[in-house]
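K.L.:
Mind looking over this structure? Questions follow.
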Amino acid sequence: MAKDFASAWLQKPGDLHLNRDIADQQSMNVGFIARHLKRLDDQCQTWSDQTNAVLIKESRQALKSRQFLITFSILLLVAFGVTVAGSLMLMPGIYTEPSAKPMLYAYLATLGVPMLLIVPLSAHRSVESEIDDGTLELLSITSMSPWQIVWGKTATAVLQMMLYFVALLPCLAFAFTLRGIALDSLLLAVLMLALAGWLLVCIAIAIAPLASARRGRIATLLPLLLLLGLTEFGVGSAIVALFEREWILSPFETIHTGIAGAIASISLGIFALILAATQLQPSTENRSSLIRWSLMAVTTIGVGLAASGIYAVEAGAITLALGFITLMLIWGGATPMLAAESGVMTARISRELPQTFLERVCLTWLTPGPGTGLVFAGAHLVTICSVGRLLLFRFQELHSNDISRSDVRFVSDAMTLSASYILFYSVGAYVLIGFIRRYQSVRVEIGLAGAITLATAGVLVPYFFEGYANDFREFSYSGWQITNAPWTIIHRSMSTSMPAQIVLIWLMTGLGIALVVLSERGLFRPRRIAEPERVRQERQSV
């Protein structure tokens with residue numbers, strides 16, 4: 001203390017003022033930083049309070065569950081075993097020869113099992129357990145919306161996939177240092193794995209609320225397992241083809257493929273989550289309009305991505321093919337379900353119907369009902385076929401050496417025939433569901449089952465009768481097989497003399513849609529009812 005007092009006494013007065021100014025400046029800086037840290041802490045606390053409660057609950061349960069602990073432990077053990085055993089098996093060439101391929105195959109296969117199988121199944125089972133325990137009914141009476149519930153489940157699954165990926169990231173980096181794989185190929189393979197896992201999680205969550213009984217859950221679980229297996233096989237085959245240089249993509253094509261795949265997977269995943277959220281809404285709510293808006297958005301994105309790839313050779317062909325096949329599959333499943341909707345509307349839905357002339361012209365096709373659904377689906381399918389035909393011929397003009405004009409004509413005709421058959425059997429499903437609905441209530445999923453049943457009958461019945469007429473000997477295609485969609489499309493690939501059959505299919509389809517629309521009385525008249533004063537006051541108070 002005496003030494004400090006002496007040193008302070010020996011200092012000049014100017015030095016004392018300078019030290020005091022420095023100390024004041026330091027205290028001001030400390031106070032400034034403390035205030036900003038306090039503000040950041042308060043903001044983080046606010047974000048924490050606003051975080052999805054389902055995400056917090058599910059994350060805590062998932063990370064403490066036995067399934068996660070066992071899967072994560074096995075993942076680490078397998079990765080350690082692959083590292084040790086693979087390194088020893090590749091000795092001594094690992095020092096001089098490129099050895100990354102076998103190690104990356106093993107690591108990505110190890111990572112693919114939890115991301116493409118275990119996590120989607122756990123997300124599916126999580127939603128099913130909420131339905132079994134009745135907790136979804138309790139959550140429905142709270143301020144949480146179905147979208148928050150579904151998004152919380154999805155975010156929990158994505159968090160688990162991120163943990164699995166982070167655990168194997170050092171192993172992937174180690175394998176990359178062994179040489180033999182380009183960095184863009186490795187990044188594209190990891191991106192495919194991540195996007196496939198995200199999409200499977202969304203589809204698994206969307207499938208879970210379809211069935212409420214145990215038999216129905218088993219019936220939905222089997223297609224889900226088949227989808228998971230096929231996706232894992234497809235992603236694995238794509239990664240092998242990528243690493244073995246079966247796909248020789250330029251840097252532009254690689255970037256385009258990655259961005260297009262990411263946009264498509266994210267949009268399809270969000271669409272699946274919207275389907276799941278609408279299924280959790282009460283039956284009195286308008287579920288159909290949001291689904292139709294989502295279908296319109298997905299179709300627009302799909303056509304836009306297909307159009308963006310026509311100036312690339314390999315990536316453009318892949319984008320065009322996958323884009324239009326995906327759109328046809330989506331509308332092939334959505335159109336029969338739109339045709340199976342009930343035309344009866346609750347008072348809450350009727351209060352939201354378009355009223356003015358312009359609103360009825362533009363927005364009537366977004367309102368619930370089988371007639372509006374068929375017109376909505378038909379307009380989109382015609383648009384997809386028209387735009388697809390233009391893009392295909394434009395692609396053939398730019399890359400005439402890679403694809404012939406006859407091939408483009410076959411693909412466009414096959415797409416047109418597929419759209420016509422989708423609409424044709426959806427009209428048949430509308431008639432079938434209308435007959436069944438006289439005796440009992442029917443869910444819209446039965447419309448898809450009815451369309452599949454009618455399409456199967458359209459294949460088997462004419463084939464059986466014509467085979468019987470020919471004593472079950474081999475016979476060629478004829479006009480009696482017009483309802484046989486696969487044979488008609490295949491025959492079109494080998495013959496160009498089918499304009500009459502195509503026109504006939506479209507005429508039958510258009511006539512059926514017109515009859516459905518005309519059967520809905522008052523479709524084009526304003527049906528909107530006034531909102532009661534009590535309901536308006538309650539809505540404003542909320």
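The values are calculated or read from the model by the stated rules, or taken from the named source; none is laboratory data. Predicted model, so just to flag it, every value in this text is computed and none were measured. Because the Cβ atoms are built from the backbone with ideal geometry, glycine has one as well, and the counts that use them run over all protein chains shown. The accessibility values were calculated without ligands, DNA or RNA, using every heavy atom of the protein model including side chains. Shrake-Rupley method; radii C 1.70, N 1.55, O 1.52, S 1.80 Å.
K.L.:
Going through Glu474, Glu445 one at a time, which residue ends up being closer than 30 Å to Thr220 by Cα and not β-branched (Val, Ile, Thr)?
P.N.:
Numbers: Glu474 fails: closer than 30 Å to Thr220 by Cα.
Going through Glu474, Glu445 in turn, the sole match is Glu445.
K.L.:
Moving on to the next point. Identify the single condition in (1) touching a Gly at 6+ places or on another chain (Cβ under 9 Å); (2) modelled with pLDDT under 80 that Asp4 does not satisfy, given that it satisfies every other one.
P.N.:
That leaves (1) as the condition not met.
K.L.:
Restricting to region 407-455, and then to whatever is free of Cβ contacts under 8 Å to residues at least 60 places away in the same chain, among the hydroxyl-bearing types (Ser, Thr, Tyr) and assigned to a helix (DSSP H, G or I), can you tell me which residue is farthest from Leu320 (Cα to Cα)?
P.N.:
Once the filter is applied, the top-ranked residue is Thr453.
K.L.:
Looking at the structure I just gave you, is Ile502 modelled with pLDDT under 70 and part of a helix (DSSP H, G or I)?
P.N.:
On the way: modelled with pLDDT under 70: yes; part of a helix (DSSP H, G or I): yes.
Criteria met by Ile502.
K.L.:
Pairs under 7 Å by beta carbon, first residue part of a helix (DSSP H, G or I) in region 150-162, partner charged (D, E, K, R), six or more apart or different chains?
P.N.:
If the second residue must be charged (D, E, K, R), the pairs left are Gly152/Glu58; Lys153/Glu58; Thr156/Glu58.
K.L.:
Then there's this: Can you run down the residue pairs with Cβ atoms below 7 Å, 6 or more apart or on separate chains, where the first is in region 67-93 and open to solvent by less than 50 Å² (accessible area, probe 1.4 Å) and the partner is at pLDDT below 90 and in a loop (DSSP other than H, G, I, E, B)?
P.N.:
Close Cβ pairs satisfying both conditions: Leu90/Ser99; Gly93/Ser99.
K.L.:
Could you tell me which residue of region 210-244 is modelled with the highest pLDDT, considering only residues that are among the aliphatic types (A, V, I, L, M) and not in a helix (DSSP H, G or I)?
P.N.:
Ranking the qualifying residues of region 210-244, first place goes to Ala211.
K.L.:
I've got another one for you. Looking only at region 430-485, count every residue that is modelled with pLDDT of 85 or more and open to solvent by 60 Å² or more (accessible area, probe 1.4 Å) and tell me the total.
P.N.:
Of the residues in that region, 9 qualify.
K.L.:
Follow-up question, since we're still on this one. If I ask for residues that are open to solvent by 50 Å² or more (accessible area, probe 1.4 Å), touching a residue at least 24 places away in the same chain (Cβ under 8 Å), farther than 17 Å from Ile181 by Cβ and β-branched (Val, Ile, Thr), which ones from region 231-265 would you list?
P.N.:
Hit for region 231-265 is Ile263, nothing else.
K.L.:
Could you list, in sequence order, all residues of region 324-344 that are open to solvent by 20 Å² or more (accessible area, probe 1.4 Å) and assigned to a helix (DSSP H, G or I)? Reasoning before the result, please.
P.N.:
Of all residues in region 324-344, those open to solvent by 20 Å² or more (accessible area, probe 1.4 Å) come to 325-326, 328-330, 332, 337, 341-344.
Across region 324-344, the qualifying residues are Ile325, Thr326, Met328, Leu329, Ile330, Gly332, Met337.
K.L.:
Filtering region 55-66 down to residues that are modelled with pLDDT under 80 and open to solvent by 60 Å² or more (accessible area, probe 1.4 Å), which residue is farthest from Cys171 (Cα to Cα)?
P.N.:
If we take residues in region 55-66 being modelled with pLDDT under 80 and open to solvent by 60 Å² or more (accessible area, probe 1.4 Å), then Lys57 is farthest from Cys171 (Cα to Cα).
K.L.:
Condition (residue is within 27 Å of Gln67 (Cβ to Cβ), in a loop (DSSP other than H, G, I, E, B) and at pLDDT below 90) applied to region 181-189: is it met by at least one residue?
P.N.:
No, there is no match, as no residue in region 181-189 is within 27 Å of Gln67 (Cβ to Cβ), in a loop (DSSP other than H, G, I, E, B) and at pLDDT below 90.
K.L.:
Moving on. Any residue that is touching a helix residue (DSSP H, G or I) at 6+ places or on another chain (Cβ under 9 Å), without any contact (Cβ under 8 Å) to a residue 40 or more places away in the chain, of a type in the set (Ser, Thr, Tyr) and open to solvent by less than 50 Å² (accessible area, probe 1.4 Å) - is there at least one of those in region 185-196?
P.N.:
no
K.L.:
Being surrounded by 21 or more Cβ atoms within 10 Å (Cβ to Cβ) and among the hydroxyl-bearing types (Ser, Thr, Tyr) is the filter here; which residues of region 266-285 pass it?
P.N.:
Thr278
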